[in-house]
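Undergrad: Input: one structure, supplied below.
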Amino acid sequence: MDVRLTADQKIQVLNAHDVYSVMQQILLRQHKIRRAQEHFWVVGLATDNTILFIELIAIGAQNRVNVSPPDVFRMGIYKLAVKMIMVHNHPSGNLKPSNEDIDITDRLLKIGKLINIDVVDHLIISESGYTSFKNKGIIEKLRKNGLYEIQERESEAMKELELKFEKDKAEKKKAMEVARKMKAKGYENQTIRELTGLYIRDIKKA
């Protein structure tokens, strides 16, 4: 689920606190019951570290949330992010990374390397604080550990995902070209939508 951001939240990230300042606001948007569950988000960054998007990947139980690599990297591939930051909350308020937290970070970091998206940090957040894996030196250790080997099926799944999005982007580009020509000839947006399958918001940009 793509998280709607205000103009003030599309900031240039200089450090972990910058990310937390935005993610704390997003966490506090959730009502109390939802905040009692773990959420897993990804923050996509452009080359200059400006936030491109924040996507909610999964909502789990009080002490766990399960994510899959294709879900984590899907939006990053689609929006051409060059860097990503993983974020999840601990409703208990305990900000110490678990072994499971470190393991999934290792796995995602290595897959990111495979598809040229740099996983630069993973934040565990609460309503009042955060822990940065980068600041703790965990990210650097994982880069060097050489312990995690990407399984063949995961590698193939990520390559297939990249190919799918490349195809989708090419088809959308072609549809946008058709939409521009139809607008120039005076077609109404609703008619263009029916004939091209584009969203109205995309047609308005054509």
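Undergrad: So, TYR20, is that one at pLDDT below 90, of a type in the set (Ser, Thr, Tyr), closer than 29 Å to LYS144 by Cα and surrounded by 14 or more Cβ atoms within 10 Å (Cβ to Cβ) or not? It would help to see each step written out before you state the result.
TA: Values: at pLDDT below 90: no; of a type in the set (Ser, Thr, Tyr): yes; closer than 29 Å to LYS144 by Cα: yes; surrounded by 14 or more Cβ atoms within 10 Å (Cβ to Cβ): yes.
Taking the combined requirement at face value, the residue does not satisfy it.
Undergrad: Answer with yes or no whether GLN37 is in contact (Cβ under 8 Å) with a residue 40 or more places away in the chain and part of a loop (DSSP other than H, G, I, E, B).
TA: Considered against the rule, which asks whether it is in contact (Cβ under 8 Å) with a residue 40 or more places away in the chain and part of a loop (DSSP other than H, G, I, E, B), GLN37 comes out as yes.
Undergrad: Another question, if that's okay. Filter the stretch 61-78 down to the residues that are in contact (Cβ under 8 Å) with a residue 12 or more places away in the chain and loosely packed, with under 15 Cβ neighbours inside 10 Å, then identify the one that is nearest to the chain's Cα centre (by Cα).
TA: ARG64
Undergrad: Filter the stretch 123-137 down to the residues that are surrounded by 20 or more Cβ atoms within 10 Å (Cβ to Cβ) and over 13 Å from ASN94 (Cβ atoms) and list them by number.
TA: Pass one, the stretch 123-137, residues surrounded by 20 or more Cβ atoms within 10 Å (Cβ to Cβ): 123-125, 130-133.
Once the filter is applied, which keeps residues that are surrounded by 20 or more Cβ atoms within 10 Å (Cβ to Cβ) and over 13 Å from ASN94 (Cβ atoms), the stretch 123-137 yields LEU123, SER132, PHE133.
Undergrad: Here is a follow-up. Could you say which residue among ARG107, ARG74, ARG64 is within 19 Å of SER126 (Cβ to Cβ) and basic (Lys, Arg)?
TA: Of the residues listed, the single one that is within 19 Å of SER126 (Cβ to Cβ) and basic (Lys, Arg) is ARG64.
Undergrad: Quick check on the stretch 8-22. Is at least one of its residues over 18 Å from GLY93 (Cα atoms), out of contact with any His (no Cβ under 8 Å at 6 or more places or on another chain) and of a type in the set (Phe, Trp, Tyr)?
TA: Looking through the stretch 8-22, none of the residues is over 18 Å from GLY93 (Cα atoms), out of contact with any His (no Cβ under 8 Å at 6 or more places or on another chain) and of a type in the set (Phe, Trp, Tyr).
Undergrad: Something else about it: Quick one: what pairs do we get from the stretch 159-175, first residue under 18 Å from VAL72 (Cβ atoms), second surrounded by 11 or more Cβ atoms within 10 Å (Cβ to Cβ) and modelled with pLDDT of 75 or more, C-beta under 6 Å, 6+ apart or different chains?
TA: Matching pairs, first to second residue: LEU161/PRO70; GLU162/ILE77; PHE165/ILE77; PHE165/TYR78.
Undergrad: Quick one: is LYS204 under 30 Å from the mean Cα position of the chain (by Cα), assigned to a helix (DSSP H, G or I) and either free of Cβ contacts under 8 Å to residues at least 40 places away in the same chain or farther than 30 Å from ALA81 by Cβ (or both)? Can you show your working first?
TA: On the way: under 30 Å from the mean Cα position of the chain (by Cα): yes; assigned to a helix (DSSP H, G or I): yes; either free of Cβ contacts under 8 Å to residues at least 40 places away in the same chain or farther than 30 Å from ALA81 by Cβ (or both): yes.
Judged against the criteria, LYS204 is a match.
Undergrad: Another question about this same structure. Return yes or no: is ILE54 assigned by TED's automatic domain parsing to the domain that holds LYS136, modelled with pLDDT under 90 and outside any loop (DSSP other than H, G, I, E, B)?
TA: Judged against the criteria, ILE54 is not a match.
Undergrad: Name the one entry in ALA58, ALA81, ALA7 that is in contact with a helix residue (DSSP H, G or I) (Cβ under 8 Å, 6 or more places away or on another chain), free of Cβ contacts under 8 Å to residues at least 24 places away in the same chain and among the small types (Gly, Ala, Ser).
TA: ALA58
Undergrad: A further question follows. Test each condition in (1) outside any helix (DSSP H, G or I); (2) at pLDDT 85 or above; (3) not aromatic (Phe, Trp, Tyr) for GLU149 and report the one that comes out false.
TA: Going through (1) outside any helix (DSSP H, G or I); (2) at pLDDT 85 or above; (3) not aromatic (Phe, Trp, Tyr) one by one, GLU149 breaks only (2).
Undergrad: State which residue is nearest to the chain's Cα centre (by Cα) when the search covers only the stretch 79-98 and only residues that are modelled with pLDDT of 95 or more and more than 16 Å from ILE125 (Cα to Cα).
TA: In this case the residue turns out to be MET84.
Undergrad: Does LEU114 satisfy the condition of being in contact with a helix residue (DSSP H, G or I) (Cβ under 8 Å, 6 or more places away or on another chain) and assigned by TED's automatic domain parsing to the domain that holds GLN30? Even if it seems obvious, please write down each step before you answer.
TA: On the way: in contact with a helix residue (DSSP H, G or I) (Cβ under 8 Å, 6 or more places away or on another chain): yes; assigned by TED's automatic domain parsing to the domain that holds GLN30: yes.
Taking the combined requirement at face value, the residue satisfies it.
Undergrad: Kindly evaluate ASP18 against the criterion of being in a loop (DSSP other than H, G, I, E, B), acidic (Asp, Glu) and assigned by TED's automatic domain parsing to the domain that holds GLY112.
TA: Details: in a loop (DSSP other than H, G, I, E, B): no; acidic (Asp, Glu): yes; assigned by TED's automatic domain parsing to the domain that holds GLY112: yes.
The answer is no for ASP18.
Undergrad: Determine, yes or no, whether ASP48 is part of a loop (DSSP other than H, G, I, E, B), under 17 Å from VAL119 (Cα atoms) and either over 16 Å from the mean Cα position of the chain (by Cα) or in the same structural domain as LYS164 (by TED's automatic domain parsing) (or both).
TA: Numbers: part of a loop (DSSP other than H, G, I, E, B): yes; under 17 Å from VAL119 (Cα atoms): yes; either over 16 Å from the mean Cα position of the chain (by Cα) or in the same structural domain as LYS164 (by TED's automatic domain parsing) (or both): yes.
Yes.
The values are calculated or read from the model by the stated rules, or taken from the named source; none is laboratory data. Worth saying up front: this structure is predicted, and the values here are computed from it rather than measured. In this analysis, Cβ positions are derived from the backbone assuming ideal geometry, glycine residues included, and neighbour counts consider all displayed protein chains.
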